[in-house]
Amino acid sequence: MLRLTKLFAAIFVSAPLLLPQSATAENTITWATQLSYRDMNPAVSFGAETYILGNIYETLFLYDDGEVKPRLAVSWSKSDGGRVWNVTLRDGVKFHDGSQLDSAVVKKSFEYTRDLGKGAGYLYADLETVETPDSRTAVFKFKKPIAFDLVASGQYGSYVIGPAAIDKGHDWMNEGNAIGTGPYTLTKYEPNKLTVISKFDDYWGGWKPGQIDRVIHPVVSEASTRVQMIKSGEADVVRVPVSQLAALDALPNTSVATSSGWRNQMYLLNMQKYPTDSKKFREALVHLWNYDSVLNDIFQGYAKRPLGPVPASMWGHGKYDIGSFDPQKALKLLEESGIPKEDWKIDAMYSNSNQEQIDAVELFQANAAQVGVRVNLLPQVSKAYMTKARSASTAANMHSMVWYPAYPTPSDWLYSLFKTRKENTGFNLSRYKNAEFDAALATAIDAEGVDVKESAKAYIAAQDILMKDTPAIFFADVDRVFTHSSSLKGMDKSSNPAYETLFIYALSK
Amino acid sequence: MVKYVVQRLILMVGVVLGVVTITFILSRVLPSSPAELMLGGRPTVEQIAAAEAEMGLDQPLPVQYINYVSDLSQGEFGRSLRTGQPVLSEVSDRLGATFELTTLAIVLVVLVGIPLGVLSAVRRNSMLDNVARAIAVGGVAIPSFILAMALQLIFYGALGWLPLQGRVAPIVSLDSPILPITQLYLIDALLTGNWDGFRDALAHIALPLLTLVILLLATVTRITRNMMVEVLKEEYIRTAFAYGVPKSSIYYRHALKATLIPMLTVIGLTYGNLLGGAVIVEFIFDWPGLGAFVVFSIIANDYPASLGATLFLAGIYLSVNLIVDLLYFVVDPRLRTQ
């Protein structure tokens, strides 16, 4: 037995010597992610998969720097008050299986997404027909006016899918197969373990020396492991907790890339629950939120002070004073609210998966206690959170919310979070009901397909109404932050607030 | 003995049915929306209603239960709401990873821990005994996550000898993929003559394995030692010494044999628990095992995955217990006549 023990010990001790050298090709990068993917069918995906799908598939239009630019479409025009969109397609675009992009393919892809009706397919519920007068022209006809250029530049439900993939079906795509027109092909997919994408040689955009050939994209759940990977050079791109960023940025071999994002955070105030049904009480809570401390200490400067419900980098945002930390003013408002001091107690419900929101609400609890407001914290497992927050019997006074739009539009926040709901609360956890706001919002949405400038004005008018009612504490427009190896170039060009992904095509070594 | 085995198997079916029922009820009582989880993203009210109908969640609970048990009896475990993959393939895939890690750990612990325990008992209060005691106290006292991270820092961070996480390096899985035959990568790599794959899998398993071995060694070593100390006081041992029986024969053939039944119980229970998932170790090393899968499924209220995995775990635990009970008959012939 002792001899056997020695044998095993020898094998174990010699393991390091057996370790193969993990040599990777010069233009291969490792992008370690904490996210797990599920819906690899772009017509269904409405979540994290866009990080990888965004490099495999492409949209007709690209939203960049505040305007819609050509992508698979080279030109477009609208008529009939925004109901008809005439799109001219790029010539010479190939799918990963070698087939050509043409109008029939585009028609098939959009109709597939619409008919499936899953994910963000609801965006095309009003798509009547797609006519194909010639191979380069697709005419989209909608029942209502729509800002099709904006909608179809979004990262959900708008990718053009190869016809062979559609024929093979949803399960085939979910097994890890993809046929897009993007610069990278899906070469390996092991759910929740590993995804690999590789350069598509026939990409219409062409290739330059130094661009990335292959991306190894393993799932690494543990944050401390990702930190070690980027430090050692085993990973080239990672996302880590904000508390780690300063230390990593200080290292010579790692850098932190920051850009504006459209993800914002807020606490929605329940307007149908005592005592937050009082406007004065809600206004008091706004002044008990220490915005500077949250932004500087909790987000460590990687978030900006919001200007309202819509992030400042999105068109159609307003410019509002969201409030300032002022306990004395809060106390005055609390007294003016007429609510007895013994009732100055509220519940705050939040998902326990978001560390920044946890830290922020704990700080709020301490600040509120200074003026006699007791905040009862109700952390929830993320998947149970929405169920409890929506139910009238279990809803709290404050609910955490992180929002990101399905396509570049202010309506995604204003409609989803604040439009009056008759039966189902949906995401309107403030239970906000205001017919005047609803009407202004409807005007803005209708105008979106006709005249974006007019629509922006109408959105601001709707936000003017909303902000007077104090339905939420808006506290952070969160930056997009990636930690990467210093040898990786082009991080600034690879990030676009309209898309969650990193555009690997823009990177080089 | 056959009658005993049949009785135990019938009991196992009853226990598994009980586990299914309790887990099913718990999964339905917890506040969550499985339809919303399945849809992902931000589904509309209409999409949620359609998904609930598709999943049969609009049916009364007893009907849902009957449907579920009926599906199970046909080997249909459903799809994970979180990953979208069939539960059966998810569980069996991960079971291989957990089985490989924990079986190797148990084998190493037995091969190292039992001789160490015997030597400690024989050389009480010697340097060896003190060192073994220190290892035991350390193994029990150090939380698994601290030990795992410390080993990562030393062997990956400082020395650069061993990989940090995963079961195999992505580059190896691309360039020299291990063909899954038994789902045990070390064996599969050997069977296919994939030496790069074998070396890489061995290097990847080293740190989680070392963590588990250190954690478990303490228990096995100390139990062996303490029981050996008691057995060595027995008269038949003294008699054997008096007759001049070789020491190694006394220790390993006579004394150790007397400790085997309680040892089997401890090792069997430990092994059963480990197969259920060394959750912390799997999580820290991103080891794609069953434990981490179960935890993530429960957190996400992924009821098909939780139910399926729980069922597997119950089956494994019961099977290991049955095997241990049967080994009692092998170790102690007196039991066969009772």
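Which of the three applies to region B:213-338, rounded, prolate or oblate, going by the alpha-carbon gyration tensor with a ≥ b ≥ c and a/c under 1.5 meaning rounded? Note, shape of region B:213-338 comes out prolate.
Where does each of A:491-497, A:345-351, B:131-137 land if you order them by average Cβ count within 10 Å, highest first?
Ranking, from highest mean packing down: A:345-351, A:491-497, B:131-137.
Output the pairs from A:K108/A:K493; A:K143/A:K419; A:K279/A:K345; A:K345/A:K422; A:K273/A:K388; A:K280/A:K329 with a Cα-Cα distance over 20 Å in this structure; if there are none, say none.
Working: A:K108/A:K493 32 Å; A:K143/A:K419 22 Å; A:K279/A:K345 15 Å; A:K345/A:K422 28 Å; A:K273/A:K388 14 Å; A:K280/A:K329 11 Å.
Over 20 Å Cα-Cα: A:K108/A:K493; A:K143/A:K419; A:K345/A:K422.
Multiplying the residue separation of A:K453 and A:S260 by 0.36 nm and subtracting their alpha-carbon distance yields 67.3 nm.
Quick check: the distance between the Cα centres of region A:141-209 and region A:458-509, to the nearest angstrom? If you average the Cα positions of each part, the centres end up 22 Å apart.
Phi angles across region A:198-212 convert, under the Karplus curve 6.51 cos²θ - 1.76 cosθ + 1.60 with θ = phi - 60°, into 3J(HN,Hα) values of 10, 3, 9, 4, 8, 4, 5, x, x, 10, 10, x, x, 5, 7 Hz, Gly and Pro given as x. Taking 0.36 nm per residue of separation and subtracting the Cα-Cα distance, full extension of the segment from B:L269 to B:E54 would add 73.3 nm. When nucleic acids and ligands are ignored and a 1.4 Å probe is applied, B:I261 ends up with an accessible area of around 50 Å². Residues A:E356, A:E500 ordered from highest to lowest accessible area at a 1.4 Å probe: A:E356, A:E500.
The apolar share of the surface of chain A, taken as the fraction of accessible area on carbon and sulfur atoms (1.4 Å probe, ligands and nucleic acids excluded), comes to 50 percent. Summed over both chains, the area buried between A and B is near 5000 Å², taken from the accessible surface of protein heavy atoms with a 1.4 Å probe. The HN-Hα couplings worked out from phi for region A:415-429 by the Karplus form 6.51 cos²θ - 1.76 cosθ + 1.60 (θ = phi - 60°) are 6, 5, 9, 10, 5, 4, 10, 8, 10, 9, 5, x, 9, 7, 6 Hz, whole numbers, x standing for Gly and Pro. Modelled spin labels at B:V2 and A:K279, positioned 7 Å past Cα toward Cβ, are 8.6 nm from each other. Quick check: the distance between the Cα centres of region B:201-264 and region A:270-328, to the nearest angstrom? For region B:201-264 versus region A:270-328, the Cα centre distance is 65 Å. Using a cutoff of 8 angstrom between alpha carbon atoms and counting only pairs six or more residues apart, the relative contact order for chain A works out to 19 percent. Counting, for every residue in A:36-47, the Cβ atoms of other protein chains within 10 Å of its Cβ and taking the mean gives 3.
Under 5 Å between amide hydrogens, built in the peptide plane, is the criterion, and for B:I142 it picks out nothing among residues at least 5 positions away or on other chains.
Couplings 3J(HN,Hα) for region A:459-474, derived from phi with the Karplus relation 6.51 cos²θ - 1.76 cosθ + 1.60 (θ = phi - 60°), are 4, 5, 4, 5, 5, 4, 5, 4, 5, 5, 8, 6, x, 7, 9, 8 Hz, where x marks Gly and Pro.
Working from label points 7 Å from Cα in the Cα-to-Cβ sense, the A:S99 to B:D332 distance is 7.0 nm. Taking square-rooted eigenvalues a ≥ b ≥ c of the alpha carbon gyration tensor, is chain A rounded, prolate or oblate, where a/c under 1.5 means rounded and, failing that, a/b exceeding b/c means prolate? The shape class here is oblate. With Rh defined as the Kirkwood radius, the inverse of the mean 1/r over Cα pairs, the Rg/Rh of region A:261-479 is 0.95. Principal-axis analysis of the Cα atoms of chain B puts helix B:195-231 at an angle of about 50° to the longest axis. Residues whose amide H comes within less than 5 Å of that of A:Y63, counting only those at least five positions distant or on another chain, are A:K69 (H built at 1.01 Å from N in the peptide plane). Residue by residue along A:114-120, Cβ atoms of other protein chains within 10 Å of the local Cβ number 3 on average. A Förster radius of 25 Å combined with the Cβ-Cβ distance from A:T187 to A:D91 puts the calculated FRET efficiency at roughly 0.40. Interface burial in region B:163-190, defined as at least 20 Å² less accessible area with all protein chains than with the chain alone at a 1.4 Å probe, covers B:L164, B:Q165, B:P170, B:I171, B:S173, B:L174.
Label zone of B:I142 (point 7 Å out along Cα→Cβ, amide N under 11 Å): in region B:256-290 this covers no residue at all. Solvent-accessible area assigned to carbon and sulfur over region B:119-233 amounts to 68 percent, based on a 1.4 Å probe.
Put a dot 7 Å past the Cα of B:V15, heading toward its Cβ, do the same for A:D201, and the two dots end up 5.9 nm apart. Please determine, in degrees from 0 to 90 and to the nearest 10, the orientation of helix B:45-54 with respect to the longest principal axis defined by the Cα atoms of chain B, where the helix direction is its Cα long axis. Tilt relative to chain B: about 60 degrees.
Electrostatic tally near A:I339: other residues with Cβ closer than 14 Å to its Cβ, Lys and Arg +1, Asp and Glu -1, net +2.
Enter the angle in degrees (range 0 to 90, nearest 10) between the Cα long axis of helix B:61-73 and the first principal axis of the Cα atoms of chain B, meaning the one along which they spread out most. Helix B:61-73 and the main axis of chain B meet at about 60 degrees.
Using the Cβ-Cβ distance between B:K247 and B:V131 with R0 = 30 Å, the FRET efficiency computed as 1/(1 + (r/R0)^6) comes to roughly 0.90. Here the sum of -39500 (n - 2.57) over DSSP H runs of 4 or more residues, divided by the residues of the protein assembly as shown, equals -14500 deg cm²/dmol at 222 nm, to the nearest 500. Of the chymotrypsin sites (Phe, Trp or Tyr not before Pro) in region B:224-307, the ones in a loop by DSSP (not H, G, I, E or B) with at most 15 other beta carbons within 10 Å are B:Y243. Taking amide hydrogens as placed 1.01 Å from N in the peptide plane, the amide H of B:E234 sits under 5 Å from that of no residue at least 5 positions away in sequence or on another chain.
Normalised per residue, the accessible area of chain A is 38 Å², obtained with a 1.4 Å probe and no contribution from ligands, DNA or RNA.
Taking a ≥ b ≥ c as the square roots of the Cα gyration tensor eigenvalues, with a/c under 1.5 meaning rounded and otherwise prolate when a/b beats b/c, else oblate, which class fits region A:61-163?
rounded
Surface calculation, 1.4 Å probe, protein heavy atoms: B:T182 sits at approximately 60 Å² accessible. Where both bridge residues fall in the protein assembly as shown, DSSP classifies roughly 80% of the beta bridges as antiparallel.
Restriction of the GluC sites (Glu not before Pro) in region B:201-236 to DSSP coil positions whose beta-carbon has at most 16 other beta-carbons within 10 angstrom yields B:E234. The mean accessible area for residues of region B:87-337, using a 1.4 Å probe and ignoring ligands and nucleic acids, is 42 Å² per residue.
The values are calculated or read from the model by the stated rules, or taken from the named source; none is laboratory data. Just so you know, these numbers come straight off a predicted model, no measurement behind them. Positions of Cβ are backbone-derived with ideal geometry, glycine not excepted, and every protein chain shown enters the neighbour counts. Side chains included, ligands, DNA and RNA excluded: accessible areas come from the protein's heavy atoms. Shrake-Rupley method; radii C 1.70, N 1.55, O 1.52, S 1.80 Å.
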